[in-house]
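First the structure, in the form of structure tokens, and then the observations on it.
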Amino acid sequence: MKVRQVPSRKRTTFRVARLLSCLLGAWALWACGPVYIPVPPPGQVSFTSTPLTDANGNVQSFWIASGGPNGNAANATFFITDVPRGTGVITRARSDGSFISAPMEGTAGDQVGVYFQSSSGRDSATACLILGDGPVAPTCP
């Protein structure tokens, strides 16, 4: 019959040190986590006013948003919101990242939030723009 030997103190110390180093390594991986690289906000957005007639025959001014090519926004979904009114439109970008939205209500000078969700599901930062005619909408103050 064999007698089981009790591990030596040196061997036990080594096992405890190895266990602690594994725990420290796992904690370090958890603490660092994945590196988050933010998606930049959409750029080169412009607005064009368009008069449309409603069912009662009243002419109202609506706005169409458009954006130039943006490699980060290829096939993305754009969310364009007139902040004071709380209304907006959702539109899909083309494969080059450019887009043209459906008409939305708004008044010149309103603040408009524009952001996109990439095809992989990541949201860009929101760009705050001033509603108005022009080649490129100015940013909010």
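The values are calculated or read from the model by the stated rules, or taken from the named source; none is laboratory data. Everything numeric here is computed off the predicted structure, so don't read it as measured data. Cβ placement follows ideal geometry from the backbone for every residue including glycine, while neighbour counts extend to all protein chains displayed. Accessible surface areas use protein heavy atoms only, side chains included; no ligands, DNA or RNA. Shrake-Rupley method; radii C 1.70, N 1.55, O 1.52, S 1.80 Å.
Placing +1 on the Cβ of every Lys and Arg and -1 on the Cβ of every Asp and Glu, with no other charges, gives the stretch 56-137 a dipole of roughly 220 debye about its Cα centre. Per residue, the solvent-accessible area of the chain (1.4 Å probe, heavy atoms of protein chains only, all protein chains present) comes to 69 Å².
In the chain, helical runs assigned H by DSSP with n ≥ 4 each contribute -39500 (n - 2.57); averaged across all residues and rounded to the nearest 500, the mean residue ellipticity at 222 nm is -6000 deg cm²/dmol. Principal-axis analysis of the Cα atoms of the chain puts helix 9-32 at an angle of about 0° to the longest axis.
Charged neighbours of Pro41, selected by a Cβ distance under 14 Å, balance to 0 (K, R count +1; D, E count -1). All Cα-Cα separations within the chain were binned at 10 Å from zero, giving a P(r) of 11, 30, 19, 10, 7, 7, 7, 6, 3, 1, 0, each value a whole percent of the pairs. Estimated at the nearest 10 Å², the accessible area of Thr53 is 100 Å² with a 1.4 Å probe.
How would the stretch 102-141 be classified by its alpha-carbon gyration tensor: rounded, prolate or oblate, with rounded meaning a/c under 1.5 and the a/b versus b/c comparison settling the rest?
prolate
Neighbours of Ala65, meaning other residues whose beta-carbon lies under 15 angstrom from its beta-carbon, give a summed charge of -1 when Lys and Arg score +1 and Asp and Glu score -1.
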